[in-house]
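Below: one structure, written as structure tokens.
The values are calculated or read from the model by the stated rules, or taken from the named source; none is laboratory data. Treat the numbers as computed from the prediction; the structure is a model and nothing was measured. Cβ sites come from the backbone with ideal geometry, for glycine too, and all protein chains shown count toward neighbours.
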Amino acid sequence: MNAIEEINKLRKEYVEKSTELFKNFLKEFFENNEDVESITFTAYTPYFNDGDACTYSVGDAYLKFKETSEFYSKDNGQDYCNGHDDLYSIPYEGYNKEKLKEIFKEANKITSLPSDLMYNIIGDHAEVLITRDEMKVSHLEHD
């Protein structure tokens, strides 16, 4: 095997193992955060960036909480981002603010993985919806 073949083999192994670990993290996330129904985020390379380089990036995580969760409220912004909330759209009154921040911090570990890895797992121009049972990747229309 020559050096290029070895590099390609190692890259394939890296992506396969990383994808497996990514799925394990998601499983653990939902086991540890029973209040969360689903996670959504986008990942794409912009078509135009006002003269700067157009680079692939993954957006912040938005969460949808179960109706039985202390964090669920019809006034939370449930109509925002396909029914998902960001940390700032949930009013803190009556909620355990520290627990809420910790849930979002943990969810955003997903979106802070290396860009090249996320590109290999979900692709470009993607809107991602993750539930306990599946990860659905849809094509994202954007500017």
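The table that follows gives values for the structure above.
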| quantity | calculated |
| --- | --- |
| Scope region 109-119; condition surrounded by fewer than 17 Cβ atoms within 10 Å (Cβ to Cβ) and part of a helix (DSSP H, G or I); matching residues | LYS109, SER115, ASP116, LEU117 |
| Total residues in region 1-53, condition among the small types (Gly, Ala, Ser), closer than 19 Å to ILE130 by Cβ and assigned to a helix (DSSP H, G or I) | 1 |
| Qualifying residue in region 66-74 (condition: buried (at least 17 other Cβ atoms within 10 Å of the Cβ), at pLDDT 90 or above, farther than 23 Å from ASP116 by Cβ and not small (Gly, Ala, Ser)) | no |
| Members of region 90-107 that are surrounded by fewer than 16 Cβ atoms within 10 Å (Cβ to Cβ) and either at pLDDT 90 or above or in contact with a Cys (Cβ under 9 Å, 6 or more places away or on another chain) (or both) | GLU102, LYS105 |
